[in-house]
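Nothing in this text is a laboratory measurement; each read-out follows from the coordinates by a stated rule. Since this is a predicted model, take the numbers as computed values, not measurements. When we count neighbours, we look across all protein chains shown, and the Cβ atoms used for this are built from the backbone with ideal geometry, even at glycine.
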Amino acid sequence: MSARPKAILLMGPTASGKTAVAMELTRRFPVELISVDSAQVFRDMDIGTAKPDAATLRQFPHHLIDLISPEEAYSAARFRHDALAAMADIGARGKVPLLVGGTMLYFKALLAGLAELPQACPETRADIDAQASLRGWPAIHAELARVDPATAARLHPTDVQRVQRALEVYRLAGRPLSALLAEGQEQTPPYDFVSIGLLPSDRSVLHVRIAERFNAMLAAGLEDELNMLRRKYRLSPDLPSMRCVGYRQVWDAQEGRIPRREMRDRGIYATRQLAKRQITWLGNTLKPEKFDCLARDLLARISERVATSAFTARQ
């Protein structure tokens, strides 16, 4: 058994049943929940984020919910800082952190760290573009190979956007992109992670769930909730909170940018696209142990896995 403390990651696309599984694990094991959801950090955004209601939160407290105003922004770097602090606090009380959600970038930031890269510089990019116009992108790629051979080796000269960014990073930071990324990867937290992914064996069933969930949000008053938010806060459609799926489509309908009769279908479609991206993240990047979220014995199988991997031979 690893001497490092355990932490459980429960990840999956929207409507895969993560919350129900997490609550059942909380009943069975000494765990505390940490939300991994970039929308549930916003206060007063309850219906459209599928945030657990007040009664559920009293019974199953979640860390990292209702942190900021919808007027503010929340980053993957801040999530990582907040999550690690919550994990340390949970561990100090003899419990195991259970991180549950669908914001895959946050999971990646936690597991792999974040490289400190310089922000984009329009002037530097314009200079690189001008040189490429004169000399060609193969010459720019050759210049990158001289200062950052590791990055150049994995980029084709025709991948102009990434070649440009890598050379831009070198010029701004004075260090190769490959070195900065390697430093970020050294930030892996000192935990023994048990990664569980909920994935549907039949996506059409997940699509039905997504439609039912969006219909339920509308019936619960999603439009009224957005009206309240717009009265209470100074919001604009380009804020991260208002770009969340559901809120964006309702806002567009309220402003007449889309026909109201299309709001429901567009919201469902956008949620399906979100689920597709989440599934791609799980398969290509995060690669957790996969469980069929439609299986009848899902809770039993995950509970058995958690028991044997996170709690056997403890103490």
Relative contact order (%) - criterion: Cα under 8 Å, at least six apart; region: the stretch 122-185: 30 percent
Residues whose placed amide H lies under 5 Å from that of HIS63, excluding near-sequence neighbours: LEU33, ILE34, SER35
The stretch 138-193: GluC sites (Glu not before Pro) in DSSP loop, at most 16 other beta carbons within 10 Å: GLU186
Per-residue Cβ neighbour rank within 10 angstrom, fewest leading, HIS81, HIS63: HIS81, HIS63
Value in Å of the Kirkwood radius, where the chain supplies the Cα pairs that are averaged: 21.8 Å
Residue-wise HN-Hα coupling along the stretch 204-215, computed from phi with Karplus coefficients 6.51, -1.76, 1.60 (Hz; x: Gly, Pro): 5, 5, 4, 5, 5, 4, 4, 4, 5, 5, 5, 4
Likely footprinting exposure, LEU99, LEU282, LEU181, fewest C-beta neighbours within 10 Å first: LEU181, LEU282, LEU99
Alpha-carbon spread of the stretch 122-185, three principal axes, descending order, Å: 35, 23, 17
Integer Hz, Karplus 6.51/-1.76/1.60 couplings in order for the stretch 127-135, x for Gly and Pro: 5, 5, 4, 5, 5, 5, 5, 7, 9
The stretch 277-315-the stretch 71-149 distance, computed between alpha-carbon centres (Å): 26 Å
Relative contact order (%) - criterion: Cα under 8 Å, at least six apart; region: the chain: 28 percent
Per-selection metrics, the stretch 181-315 (Cα): Rg and Dmax in Å: 19.7, 60
Exposure proxy ranking, count of Cβ atoms within 10 Å, fewest first, for ILE8, ILE68, ILE302: ILE68, ILE302, ILE8
Estimated Rh, the stretch 66-202: Kirkwood, alpha-carbon pairs, angstrom: 17.9 Å
Distance violations [Cα-Cα > 29 Å] among LYS18/LYS95; LYS108/LYS232; LYS232/LYS287; LYS18/LYS232; LYS232/LYS276; LYS6/LYS290: LYS108/LYS232; LYS232/LYS287; LYS18/LYS232; LYS232/LYS276
Cα-based shape type of the stretch 1-92, given that a ≥ b ≥ c are square roots of the gyration tensor eigenvalues and the cut on a/c is 1.5: oblate
Within the chain: Cβ-based charge dipole about Cα centre, in debye rounded to nearest 20 (Lys, Arg +1; Asp, Glu -1): 560 debye
Rounded to 10°, Cα long-axis angle of helix 76-92 versus longest principal axis of the chain: 50 degrees
Amide H within-cut-off set for ALA39, under 5 Å, with H built and near neighbours excluded: none
The chain, helix-only ellipticity at 222 nm - DSSP H runs n ≥ 4, -39,500 (n - 2.57), divided by all residues, nearest 500: -16000 deg cm²/dmol
